[in-house]
1. Considering every residue within the range 192-206, establish whether at least one is crowded, with 20+ Cβ neighbours inside 10 Å and at pLDDT 95 or above.
2. So the check is Cβ under 6 Å with 6+ separation or different chains; which pairs have a first residue in the range 84-98 that's closer than 16 Å to His132 by Cα and assigned by TED's automatic domain parsing to the domain that holds Thr109 and a second one that's among the hydroxyl-bearing types (Ser, Thr, Tyr) and at pLDDT 95 or above?
3. For the range 38-58, which residues satisfy the criterion of being within 20 Å of Val414 (Cα to Cα) and either buried (at least 20 other Cβ atoms within 10 Å of the Cβ) or of a type in the set (Val, Ile, Thr) (or both)?
4. Which condition number in (1) of a type in the set (Val, Ile, Thr); (2) surrounded by fewer than 19 Cβ atoms within 10 Å (Cβ to Cβ); (3) in contact with a Phe, Trp or Tyr (Cβ under 6 Å, 6 or more places away or on another chain) is the one that Val107 fails?
5. Quick one: would you say Asn158 is over 29 Å from Glu100 (Cα atoms) and within 14 Å of the ligand (Cβ to nearest atom)?
6. Can you tell me which of Glu189, Glu167 is more than 14 Å from the ligand (Cβ to nearest atom), surrounded by fewer than 20 Cβ atoms within 10 Å (Cβ to Cβ) and touching a residue at least 24 places away in the same chain (Cβ under 8 Å)?
7. Please state which of the following conditions Thr81 fails to meet, knowing it meets all the rest: (1) at pLDDT below 95; (2) within 16 Å of the ligand (Cβ to nearest atom); (3) out of contact with any Leu (no Cβ under 7 Å at 6 or more places or on another chain).
Amino acid sequence: MDSSEEKTHNIPASGKQMLIGLHLGNGYGSQPGAWRMPGVDPKNYISFDARVKQAQAAERGKFQFIFLPDGPGAMLTDIETESPSFNLDVMLTLAAVARETERIGLVATGSTTFNEPYNLARQFKALDVMSHGRAGWNAVTSSGNDVAANYGRVIPSNEERYGRAHEVIQLIQALWGSWGKDAWVHDQETGQFAKKDQIVPVNLKGKYVGSRGPLYIPPSEQGQPIIFHAGGSPNAHELAGRFANAVIGAAFTIEDARAQRNAFRAAAKRYGRDPDEIKYIPGLMTTIAKDRRTALDRRIQLTGDLFPERVGYLQQMLGIPLDPTRLDEPLSKAQLAVARPSPYDPRSSHALKIAQEGWSLRDILAHGVIDYHPVIVGPGIEAADHMQAWFEAGAADGFWISPDVNTDGIDAFVDEVVPILQERGLFHQDYESKTLRGHLGAPEQYGIDPRV
Ligand SMILES: Cc1cc2nc3c(=O)[nH]c(=O)nc-3n(C[C@H](O)[C@H](O)[C@H](O)COP(=O)(O)O)c2cc1C
């Protein structure tokens, strides 16, 4: 069998395969204790080399993109004991990664509320040119007052944030298209550098933002950056439905993920787009080890002293008092008999199911039942099964992966999960394209989308 046959060998009848992205936040991983794990350099917070290495590990696994969330200056953690959640600077990090990788897509959050559109347009298109067409912009409105405070402001109303976001994205896409696709001649013989009449001002002024332009940056190999969005509100559906090719999501159950995916697809349709143009990508957190016990022990090591504090959350989820001094005992029959999953917390049913399996209180928590996304704590096949089930149920077009500890957790996913997905025909064997647009199967676009 030659290699081209091998590549098409496992593609499912639907012809569809899932996308995989890597969450690259603070450089340590998704667990608060990651910076203290043996083998982890505690100074990775400021190490661009570490970020590059982690992105290279994801590229070895043929991930379609890395995703760097951002909320400038938001301190979501207690810095006394934990690292901040975000990168020092997402654009500088992606620039460093762009120079040391070849195929993987480079996606970062950029706030539509706290940035001037011209600055965002310039930075992301420059990154797109630098990376030869691999840039993606996660356009979010920012919802935290801790971010707003760094700009001397309070968070604007939802209406104002989303009103501005619609204008900012359109303006930025117009600026990206303001340097005509074929305007750059750079002919040394004739002396013509560019066709002046094809590089034209945009002269846009809306209720919130405006720009004259043009933006003096020629197209990249994918034309212009891809738009991502992250959020779940009806406003998010409308914004993403108009502009986004991918949505970074958060969902705890197949039913919720499917409903969210359908809402984004329906919104895209309302704007005259093909629903397949918008990929819904929920998160998945991973602790991959040879068996469940080893994975749980790794989680216990990572969680350190935080167990008693987490018991408080768990008792709200299960609606019963729990004793943080009895971490090594399973819940009693009497406790289980009265435990009820909280209707206000979508993680509760899963937490109860784990409790009913008879695990100790510590082990229940080590399953990640109060984490931000579904969590796999076990062998690679469990992650592959989860991803397959969601993908085949129409609940996801792919997943963004948050390993517990980046230093070895990305490699664990690449070595233990990716081959299973490939074997099952659910994930590609190699990159089919050189651009992020190509990886996502997003349609050609340069400048604004005339349909929306
Ligand atoms: C999976 C996911 C990732 C997100 N990433 C970011 C981020 O990187 N930066 C940010 O400021 N907000 C981020 N958000 C927040 C959303 O942009 C949005 O503000 C939030 O969902 C609240 O919705 P609202 O803006 O409609 O009130 C994220 C949300 C989700 C669901």
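1. Yes, there is a match, as at least one residue in the range 192-206 is crowded, with 20+ Cβ neighbours inside 10 Å and at pLDDT 95 or above.
2. As it stands, the answer is Ala98/Ser131, since those pairs meet every condition given.
3. Taking the range 38-58 and keeping what is within 20 Å of Val414 (Cα to Cα), we get 39-40, 49-58.
If the condition is that a residue be within 20 Å of Val414 (Cα to Cα) and either buried (at least 20 other Cβ atoms within 10 Å of the Cβ) or of a type in the set (Val, Ile, Thr) (or both), then Val40, Arg51, Val52, Gln54, Ala55, Ala57, Ala58 are the ones that fit.
4. Of (1) of a type in the set (Val, Ile, Thr); (2) surrounded by fewer than 19 Cβ atoms within 10 Å (Cβ to Cβ); (3) in contact with a Phe, Trp or Tyr (Cβ under 6 Å, 6 or more places away or on another chain), only one is false for Val107: (2).
5. Yes; evaluated as a whole, the condition is true for this residue.
6. Values: Glu189 fails: touching a residue at least 24 places away in the same chain (Cβ under 8 Å).
Only one candidate passes the filter, namely Glu167.
7. Just one mismatch for Thr81, condition (2).
This table checks each residue for (1) near the ligand (Cβ under 9 Å from one of its atoms); (2) at pLDDT 95 or above; (3) surrounded by fewer than 21 Cβ atoms within 10 Å (Cβ to Cβ).
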site: Ala74; (1), (2), (3): yes, no, yes
site: Leu92; (1), (2), (3): no, yes, yes
site: Ala96; (1), (2), (3): no, yes, yes
site: Glu102; (1), (2), (3): no, yes, yes
site: Asn119; (1), (2), (3): no, yes, yes
site: His132; (1), (2), (3): no, yes, yes
site: Asn138; (1), (2), (3): yes, yes, no
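The values are calculated or read from the model by the stated rules, or taken from the named source; none is laboratory data. Keep in mind the model is a prediction, meaning the values are calculated, not measured. Virtual Cβ from ideal backbone geometry, glycine too; neighbours counted across all protein chains shown.
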